[in-house]
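Remarks on the structure that follows.
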Amino acid sequence: MKSKKLTDALIIGGGHNGLVCAFYLANAGLNVSIYEKRSIVGGAAVTEEFHPGFRNSVASYTVSLLNPKIIKDMNLHGHGLEIVKRPISNFLPIDQSTYLKLGGGLVRTQNEFKKFSEKDAARLPEYYDRIEAVADVLRDLSIKTPPNPKQGLRAALNTALQLWPIATKGNQVHRDVYDLFTKSARSFLDSWFENEHIKAAFGFDSIVGNFASPDTPGSAYVLLHHVFGEVDGEKGAWGHAIGGMGAITQAMQKACNDMGVEIFTDASVDRVIVDDGAAVGIQLDSGNLIKAKKIISNLNPKLLYKKLISENDLDPEFNRSMDGYKCGSGTFRMNVALSELPDFSSLPGKELAEHHQSGIVIAPTLDYMDKAYIDAKSHGWSSAPIVEMLIPSTMDNTLAPEGKHVASLFCQQFSPTLPDGSSWQDHRLAAADTIIETVTKHAPNFRESILGMMILSPLDLEEKFGLIGGDIMHGQMSLDQMWAARPLMNYGNYRGPLKSLYMCGSGTHPGGGVTGLPGKNAAREIIKDL
């Protein structure tokens, strides 16, 4: 496993951002190697068999945010990646007889909204236009390197250049940007819509991977973060990768292999070697020492700086700030093998229908979401948690035996640490049963159709994928941890506090989700420095 020569760049962690970073570095002519703890690359974007004959995207579960330029540059479609779009975005079962569908075109969504509010249906086109205008601002910022305030005038000029596109837009966009970056999701949506279920349809995105209430200031930004993606040129669309999310990272691995990237699996990193204020290599759990000119971490920043680097090698103020870096997204994941499709009381039928191919969101109001958060803070989780269910086997016959199905249950507001100090290992089954019961209240056949399952509590997500506190974003997406302050102020430009140390994971700008942009942006800065 020892490198034959001094490697130009060494990447810790073979998640999707690490693979993207490696590709761009190798494409620039660098000698690059990746060291991954698990036996497969992909990080949280992997497909695994969890019950005999049933495979699924284990953690990351849906496609939209993956940057189109990365898809093109890495020739991911040429390496086997196929993405299909959902026929509609989301299906919200509200009670035993009422539901709401979102997506399938503006006119169709407006007709759905008319069941609840003519006024809200009429306002929808303007809402979409205004959100899209701000999303364009975010797309533009997401591909740029945030300024480093320590660079003084240069940072000021960089900031001005990056914010200039916003300044040139109209006053309406200025107000919308300000509102979305500062307001709570409820406050923002209250200014647009009157019906609680319609507000919930949009407000759900504000708490995805965000251990917070839709009443929490800044949660409107998280709503925005989830709409700046696209599928096949359709902005805001969501899709499924045939073969699961692992198909994305397997295609990325092939692209890296074509570029000569060396990828070592079952290679757990014990520590980063520091010499005279510079990162010069790594030591594996096996004891092997690997040297490189540049050390790049694809890990959660807290995992890097609190477990792999001695605090004696870091500035005391940096250590204190990293102690305060907030992680824990309140996420609980389940993968379930089903004998049949869920039969929803509000929209009966076990035969395949479009709502089975959408995101099935059990969170009928913002109050429901707020109570789930309050309960999680007080008791660990709510008796009525927020559940998003996808059934990818309805669009992908590679995941389950014929006539059977797999479901992803992506559940929110499960406290990263339980309030009574007990371990998630002691409560994971009880929490899973609560989730199953929540779905069964809307689809009475759900519990009896379960053939097997994989349960991933916040602790399981941390132990399996290195997601501290189960944080799928590698750090909360709050305003104090975004842009030039992600992960910390003065270190938002992908460079660490030690010479030759870089970061390329979701704990850097523009944040979480399977975008690949942290990896691409970091590679650009590393190449500049070389």
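The values are calculated or read from the model by the stated rules, or taken from the named source; none is laboratory data. Keep in mind the model is a prediction, meaning the values are calculated, not measured. Methodologically, a virtual Cβ is constructed for each residue, glycine included, from the backbone with ideal geometry; neighbour enumeration extends over all protein chains shown. We work out accessible area using only protein heavy atoms, side chains counted, and drop any ligands, DNA or RNA first. Shrake-Rupley method; radii C 1.70, N 1.55, O 1.52, S 1.80 Å.
Working carefully through the options Ser33, Ser39, find the one that is at pLDDT 95 or above, over 29 Å from Gly229 (Cα atoms) and surrounded by fewer than 18 Cβ atoms within 10 Å (Cβ to Cβ). Steps first, please.
Details: Ser33 fails: surrounded by fewer than 18 Cβ atoms within 10 Å (Cβ to Cβ).
The conditions single out Ser39.
Within the set of pairs 6+ apart or on separate chains, which have a first residue in segment 129-142 that is within 14 Å of His174 (Cβ to Cβ) and among the basic types (Lys, Arg), a second that is open to solvent by less than 20 Å² (accessible area, probe 1.4 Å) and at pLDDT 90 or above, and C-beta atoms under 9 Å apart?
Sorted first by the residue in segment 129-142, then by its partner, the pairs are Arg130/Trp192.
Give all pairs with beta carbons closer than 6 Å in which a residue from segment 398-409 that is of a type in the set (Ser, Thr, Tyr) meets a residue that is surrounded by fewer than 23 Cβ atoms within 10 Å (Cβ to Cβ); count only pairs at least 6 apart in sequence or on separate chains.
Close Cβ pairs (under 6 Å, with a partner that is surrounded by fewer than 23 Cβ atoms within 10 Å (Cβ to Cβ)) amount to Thr398/Gly243.
Just to be sure I understand, how many residues within segment 84-103 are open to solvent by 50 Å² or more (accessible area, probe 1.4 Å) and more than 20 Å from His442 (Cα to Cα)?
Residues that pass the stated criteria total 2.
Surrounded by fewer than 18 Cβ atoms within 10 Å (Cβ to Cβ) and under 23 Å from the mean Cα position of the chain (by Cα), is that true of Leu479?
Working: surrounded by fewer than 18 Cβ atoms within 10 Å (Cβ to Cβ): yes; under 23 Å from the mean Cα position of the chain (by Cα): yes.
Yes; evaluated as a whole, the condition is true for this residue.
Of all the strands (runs of 3 or more DSSP E) wholly in segment 359-466, which have at least 3 residues that are farther than 22 Å from Glu49 by Cβ and not charged (D, E, K, R)? Talk me through it step by step, then tell me what you get.
Values: elements: 359-362, 381-390, 405-414, 450-456.
Fully inside segment 359-466 and qualifying: 359-362, 381-390, 405-414.
Only residues that are part of a loop (DSSP other than H, G, I, E, B), out of contact with any Ser or Thr (no Cβ under 7 Å at 6 or more places or on another chain) and of a type in the set (A, V, I, L, M, F, W, C): list them for segment 76-93, please.
Hits for segment 76-93 are Leu76, Leu81.
Looking at (1) in contact with a Ser or Thr (Cβ under 7 Å, 6 or more places away or on another chain); (2) surrounded by fewer than 18 Cβ atoms within 10 Å (Cβ to Cβ); (3) on the phi < 0 side of the Ramachandran plot; (4) at pLDDT 95 or above, which one does Asp266 not meet, given that it meets all the others?
(3)
Have a look at Glu230, Glu194, Glu234 and point out the one that is among the charged types (D, E, K, R), closer than 19 Å to Pro87 by Cα and in contact with a helix residue (DSSP H, G or I) (Cβ under 7 Å, 6 or more places away or on another chain). I'd like the intermediate steps shown before the answer.
Values: Glu194 fails: closer than 19 Å to Pro87 by Cα; Glu234 fails: in contact with a helix residue (DSSP H, G or I) (Cβ under 7 Å, 6 or more places away or on another chain).
Testing whether each residue is among the charged types (D, E, K, R), closer than 19 Å to Pro87 by Cα and in contact with a helix residue (DSSP H, G or I) (Cβ under 7 Å, 6 or more places away or on another chain) leaves just Glu230.
Return the residue satisfying two criteria in turn: it lies in segment 12-22 and is open to solvent by less than 10 Å² (accessible area, probe 1.4 Å) and in a helix (DSSP H, G or I), and of such residues it is nearest to Ile309 (Cα to Cα).
Gly18
Of everything in segment 173-194 that's at pLDDT 90 or above and open to solvent by less than 30 Å² (accessible area, probe 1.4 Å), which residue is farthest from Asp480 (Cα to Cα)?
Across segment 173-194, the extreme among qualifying residues is Phe193.
Return a yes/no flag: does segment 130-151 have any residue that is part of a helix (DSSP H, G or I), under 22 Å from Leu366 (Cα atoms) and open to solvent by 10 Å² or more (accessible area, probe 1.4 Å). Give the steps one after another, and end with the answer.
First, pick out the residues of segment 130-151 that are part of a helix (DSSP H, G or I): 130-142, 149-151.
Checking the rest, the ones that are also under 22 Å from Leu366 (Cα atoms) come to 130-131.
Next, only the ones that are open to solvent by 10 Å² or more (accessible area, probe 1.4 Å) stay: 130-131.
Checking segment 130-151: at least one residue is part of a helix (DSSP H, G or I), under 22 Å from Leu366 (Cα atoms) and open to solvent by 10 Å² or more (accessible area, probe 1.4 Å).
Hey, among Ser39, Ser60, Ser33, Ser97, which residue is in contact (Cβ under 8 Å) with a residue 40 or more places away in the chain, assigned to a strand (DSSP E or B) and small (Gly, Ala, Ser)?
Values: Ser39 fails: assigned to a strand (DSSP E or B); Ser60 fails: assigned to a strand (DSSP E or B); Ser97 fails: assigned to a strand (DSSP E or B).
That would be Ser33, the only listed residue that is in contact (Cβ under 8 Å) with a residue 40 or more places away in the chain, assigned to a strand (DSSP E or B) and small (Gly, Ala, Ser).
Output the number of the condition that His509 fails; it satisfies all remaining conditions of (1) part of a helix (DSSP H, G or I); (2) surrounded by 24 or more Cβ atoms within 10 Å (Cβ to Cβ); (3) in contact with a Pro (Cβ under 6 Å, 6 or more places away or on another chain).
(1)
Using the structure shown, decide if Lys294 is open to solvent by 10 Å² or more (accessible area, probe 1.4 Å), in a helix (DSSP H, G or I) and in contact (Cβ under 8 Å) with a residue 24 or more places away in the chain.
Details: open to solvent by 10 Å² or more (accessible area, probe 1.4 Å): yes; in a helix (DSSP H, G or I): no; in contact (Cβ under 8 Å) with a residue 24 or more places away in the chain: yes.
No: the conditions fail for Lys294.
Among the numbered criteria (1) crowded, with 20+ Cβ neighbours inside 10 Å; (2) outside any helix (DSSP H, G or I); (3) at pLDDT 95 or above, which single criterion is violated by Ile70?
Among (1) crowded, with 20+ Cβ neighbours inside 10 Å; (2) outside any helix (DSSP H, G or I); (3) at pLDDT 95 or above, the lone unmet condition for Ile70 is (2).
Among the residues that make up segment 443-464, is at least one of them in contact with a helix residue (DSSP H, G or I) (Cβ under 6 Å, 6 or more places away or on another chain), at positive phi and surrounded by 24 or more Cβ atoms within 10 Å (Cβ to Cβ)?
Within segment 443-464 (the criterion being in contact with a helix residue (DSSP H, G or I) (Cβ under 6 Å, 6 or more places away or on another chain), at positive phi and surrounded by 24 or more Cβ atoms within 10 Å (Cβ to Cβ)), the answer is no, since none of the residues qualifies.
Quick one: count up the residues across segment 475-503 that are closer than 16 Å to Lys293 by Cα and outside any loop (DSSP other than H, G, I, E, B).
Summing the residues that are closer than 16 Å to Lys293 by Cα and outside any loop (DSSP other than H, G, I, E, B) in segment 475-503 gives 5.
Kindly list the number of the only condition in (1) touching a residue at least 24 places away in the same chain (Cβ under 8 Å); (2) more than 22 Å from the chain's Cα centre (by Cα); (3) open to solvent by less than 30 Å² (accessible area, probe 1.4 Å) that fails for Thr440.
Single failed check for Thr440: (1).
What pairs come out if I take residues in segment 480-509 that are more than 17 Å from Cys327 (Cα to Cα) and pair them with residues that are assigned to a strand (DSSP E or B) and of a type in the set (Lys, Arg) whose C-beta lies under 7 Å away, six or more apart or interchain?
From residues that are more than 17 Å from Cys327 (Cα to Cα), the pairs are Ser500/Lys293; Ser500/Lys294; Tyr502/Lys294; Tyr502/Arg495.
Please find, within segment 160-172, the residue that is modelled with the highest pLDDT out of those that are over 26 Å from the mean Cα position of the chain (by Cα) and part of a helix (DSSP H, G or I). Write out each step before concluding.
Within segment 160-172, the first condition is being over 26 Å from the mean Cα position of the chain (by Cα), and the residues that meet it are 160-161, 164-165, 167-172.
If we keep only those that are part of a helix (DSSP H, G or I) too, we end up with 160-161, 164-165, 167, 171-172.
Working: Ala160: 73, Leu161: 77, Trp164: 71, Pro165: 70, Ala167: 69, Asn171: 79, Gln172: 85.
Only one residue tops the list, namely Gln172.
Restricted to segment 324-358, and to residues that are of a type in the set (S, T, N, Q) and not in a helix (DSSP H, G or I), which residue is surrounded by the fewest Cβ atoms within 10 Å (Cβ to Cβ)? Break it down into steps so the answer makes sense when it comes.
Let us first name the residues in segment 324-358 that are of a type in the set (S, T, N, Q), namely 329, 331, 335, 339, 345-346, 357-358.
In the following step, the residues that additionally are not in a helix (DSSP H, G or I) were identified as 329, 331, 335, 339, 345-346, 358.
Numbers: Ser329: 29, Thr331: 26, Asn335: 24, Ser339: 13, Ser345: 15, Ser346: 17, Ser358: 24.
My answer is Ser339.
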